[in-house]
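Read through the structure below, which is laid out as structure tokens, and then see the notes.
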Amino acid sequence: MLDEFLWGRVRRLSPEAPVPVVEVQRSSRFPGGSANVARNLLEFTPKVTLCGMVGDDLPGEELIGSLKRTGCDVGGIWRIPGRPTTVKTRVFGRQQQIVRVDRETRDALPSPARGELLDFLRQTIPACDLILIEDYAKGLLDQEVVDLVLEEGIRSGKLTAADPHTHNRLSWKGVSVLKPNRSEVLALSSTEDPDESLASVEKAARLLQERWGCLHLLVTLGEDGMLLLDEQSRSQQIPTAAQEVFDVSGAGDTSLCLFSLALAAGSEALEAAKLANLGAGIVVGKLGTATVSPEELRTHLSTCA
């Protein structure tokens, strides 16, 4: 996806409808979706291979070009003729998001490209140390693709981590790490509770951990921090590290990246979750789809010590 941000001033309401008029002063574009995951990973490791699809259009060209400049391997990205690249435009006025406009299609990956994708995954996964699956329900992932990734990960002895989507009900059996947010964990477990209490979230998380056999389940809770279930199903709530919240876009990507990277590097689950929580707290204090650097983590860790 390509994330576009428009920032401007709001000084009046539109005479056409009861909505604010935003006088755009600046704009920026960033790689979003799984491309933002790649950007986060590249802050900590020199080799990242991204797999996905974009349209054969200008936003797709811009997205791939931006990723190349960061050093990302884009050999697993398919450009599909006639398909629009997903573009999410967020409009801000007075530091507040006013509206988001999505331009996209959710059509499935065409058959020829799909076969190439499966072959690419079979060839690439054994050489990776960590496999991250971000499901945005845009047409790329189905059960066959997910099963292949998880089976290849198990066969190669690699850590696999996934961020699921409630609009794409898939089985994640065999995944090492699952990172839903509060509403996702309740919906996926089919135990939705109107009060969304921590007790309900923990109950739902335990059901998912048992159903899919994941070693670690990390639930992001927004202003309430995170809830971790480790490999012994021990639960731990981690208070939010955010000091100021300007923009939450991409915070979940940062959480999954840091938690999974720390585990792959040998960290204990609680230590990894605390790093992920700290990183998410840093990026929500930035405007736009942001990343966190090792230097920023070190600075905040020294402040917390």
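Each reported figure results from applying straightforward, stated rules to the coordinates on display, with no laboratory input. None of these values were measured; they are calculated from a predicted model. Please note: Cβ atoms are built from the backbone with ideal geometry, for glycine as well, and neighbour counts cover all protein chains shown.
Before moving on, here are some points about what is shown:
- Counted residue by residue at 0.36 nm each, then reduced by the alpha carbon distance between them, the extension gain from THR45 to SER293 reaches 88.2 nm.
- Maximal additional length on extending the ASP224-LEU58 stretch stands at 55.8 nm, based on 0.36 nm per residue less the C-alpha distance.
- Among LEU217, LEU6, LEU228, a tally of other beta-carbon atoms within 10 Å of each Cβ gives an order, fewest to most, of LEU6, LEU228, LEU217.
- Subtracting the Cα-Cα distance of ARG11 and GLU271 from 0.36 nm times their residue separation leaves 89.0 nm of extension gain.
- Protection proxy ranking of 12-20, 120-128, by the mean of other Cβ atoms within 10 Å over each peptide's residues and highest first, is 120-128, 12-20.
- Here is how the number arises for the chain: DSSP H runs of 4 or more residues each give -39500 (n - 2.57), the sum is divided by the residue count, and the result at 222 nm is -11500 deg cm²/dmol.
- Relative contact order for region 99-199, counting Cα pairs under 8 Å that sit 6 or more residues apart, in percent: 23
- Rough spin-label spacing in nm, given labels placed 7 Å along Cα→Cβ, for ARG103 and ARG79: 1.7
- Förster radius 22 Å - calculated FRET efficiency between ASP147 and HIS167 (Cβ-Cβ, nearest 0.05): 0.70
- The alpha-carbon of LYS88 sits under 26 angstrom from the alpha-carbons of these lysines, leaving out residues fewer than 8 places away in its chain: LYS68, LYS138, LYS179, LYS286.
- Springs between Cα atoms under 10 Å define the GNM used for the chain, and in it the highest mean-square fluctuation of ILE154, ILE133, ILE282 occurs at ILE154.
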